[in-house]
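Visitor: Got a structure here, written out as structure tokens. Questions coming.
The values are calculated or read from the model by the stated rules, or taken from the named source; none is laboratory data. Predicted model, so just to flag it, every value in this text is computed and none were measured. Here the Cβ positions follow ideal geometry from the backbone for every residue, glycine too, while neighbour counts run over all protein chains shown. Just the protein is used for accessible areas: all its heavy atoms, side chains included, with ligands, DNA and RNA removed. Shrake-Rupley method; radii C 1.70, N 1.55, O 1.52, S 1.80 Å.
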Amino acid sequence: MTQILIIEDEQQIARVLQLELGFEGYETTIAHTGTAGLLAFHEGNFELILLDIMLPELNGLEVLKRIRKHNETIPVILLTAKGEIQDKVTGLDYGANDYMTKPFEFDELLARIRVALRFSSKTNAPEILTHTYEFAGLTLNEETREVSRHNNQIDLTPREFDLLTHFIKHPKLVQSREQLLNAVWGFDYYGDTNVVDVYVRYLRQKVEVNLNLPSLLHTVRGVGYVLKESAANET
Ligand code: CA
């Protein structure tokens, strides 16, 4: 089921959108503030975002900017009020895919949602897949095999690249050594799982230590490893 995130502070509009989209077979999550929306975006696995511009705490444009830092491809449709023309323009500059001016016809919104989903990478348009993954300033392009962190280019061996690719495709999810071994070395690998530790060490050297940047690859004792941002009190 396609998951849509609705970030809209007007409860009635949000509720109507949820009901109508539900009828159309979409699963929706509602957030009533900018910060709640951003949080929901990071926790969920959405395929499209409906984003109101005038929001409490963090306005829609700020939310959009932050979303685009982490995800360049998820379609975002802005919900704007009449008269917010400048915001619309800024929104499109910030990477919104489309906008709807309130009050709008639901059928038109549905049509635009379908178009946006059709052009997004997660649905049925593999030819426009970007093959680029981004996490916390770390960027990896599967096609060109280029890796960088905060614009510092990182040279990896093919195996290191494959391992990092697996991590960046599963951010924040703890990976056991066995999972990593299967994903990167293949099921027919007969060595022991220490090879994973060795390669994680190589990656840390190149992605963290050499660049003097905070850790991204964290050890989860007794389990394996996870790609995530360091908490504020870590280095
Ligand atoms: Ca609003």
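Visitor: Could you say whether any residue in the stretch 169-176 is open to solvent by less than 30 Å² (accessible area, probe 1.4 Å), of a type outside the set (A, V, I, L, M) and under 23 Å from Arg221 (Cβ atoms)? Working first, answer last.
Guide: First, the residues of the stretch 169-176 that are open to solvent by less than 30 Å² (accessible area, probe 1.4 Å): 175-176.
Filter once more, so that each one left must be of a type outside the set (A, V, I, L, M): 175-176.
With under 23 Å from Arg221 (Cβ atoms) added as a condition, the list becomes 175-176.
There is at least one residue in the stretch 169-176 that is open to solvent by less than 30 Å² (accessible area, probe 1.4 Å), of a type outside the set (A, V, I, L, M) and under 23 Å from Arg221 (Cβ atoms).
Visitor: Moving on. For the stretch 79-95, does any single residue satisfy the condition of being open to solvent by 70 Å² or more (accessible area, probe 1.4 Å), under 14 Å from the mean Cα position of the chain (by Cα) and either closer than 22 Å to Glu142 by Cα or at pLDDT below 90 (or both)?
Guide: Scanning the stretch 79-95, I find no residue that is open to solvent by 70 Å² or more (accessible area, probe 1.4 Å), under 14 Å from the mean Cα position of the chain (by Cα) and either closer than 22 Å to Glu142 by Cα or at pLDDT below 90 (or both), so the answer is no.
Visitor: Related question: In this structure, is Ala36 closer than 14 Å to Phe106 by Cα and outside any strand (DSSP E or B)?
Guide: On the way: closer than 14 Å to Phe106 by Cα: no; outside any strand (DSSP E or B): yes.
Against the criterion (closer than 14 Å to Phe106 by Cα and outside any strand (DSSP E or B)), Ala36 does not qualify.
Visitor: Going through the stretch 1-31 one residue at a time, which ones are assigned to a strand (DSSP E or B), open to solvent by less than 30 Å² (accessible area, probe 1.4 Å) and not hydroxyl-bearing (Ser, Thr, Tyr)?
Guide: Within the stretch 1-31, Ile4, Leu5, Ile6, Ile7, Ala31 meet the criteria.
Visitor: Quick one: in the stretch 38-64, of everything that is among the charged types (D, E, K, R) and within 12 Å of the ligand (Cβ to nearest atom), which residue is surrounded by the most Cβ atoms within 10 Å (Cβ to Cβ)?
Guide: Asp52
Visitor: Regarding the stretch 5-19, can at least one residue be identified that is modelled with pLDDT of 95 or more, away from the ligand (no atom under 12 Å from the Cβ) and closer than 30 Å to Asn141 by Cα?
Guide: There is at least one residue in the stretch 5-19 that is modelled with pLDDT of 95 or more, away from the ligand (no atom under 12 Å from the Cβ) and closer than 30 Å to Asn141 by Cα.
Visitor: Evaluate the following for Leu227: is it more than 22 Å from Ala136 (Cα to Cα) and either over 25 Å from the mean Cα position of the chain (by Cα) or of a type in the set (A, V, I, L, M, F, W, C) (or both)?
Guide: On the way: more than 22 Å from Ala136 (Cα to Cα): no; either over 25 Å from the mean Cα position of the chain (by Cα) or of a type in the set (A, V, I, L, M, F, W, C) (or both): yes.
Answer is no for this residue.
Visitor: From (1) within 16 Å of the chain's Cα centre (by Cα); (2) open to solvent by 50 Å² or more (accessible area, probe 1.4 Å); (3) within 23 Å of Val209 (Cα to Cα), pick out the condition that doesn't hold for Phe135.
Guide: (2) is the only condition that Phe135 fails.
Visitor: Now a separate question. For the subset of the stretch 177-200 comprising residues that are within 30 Å of Gly44 (Cβ to Cβ) and polar (S, T, N, Q), which member is least open to solvent (accessible area, probe 1.4 Å)?
Guide: Of everything passing the filter in the stretch 177-200, Asn182 is least open to solvent (accessible area, probe 1.4 Å).
Visitor: Does Asn71 satisfy being under 19 Å from the mean Cα position of the chain (by Cα) and touching a residue at least 40 places away in the same chain (Cβ under 8 Å)?
Guide: Yes: the conditions hold for Asn71.
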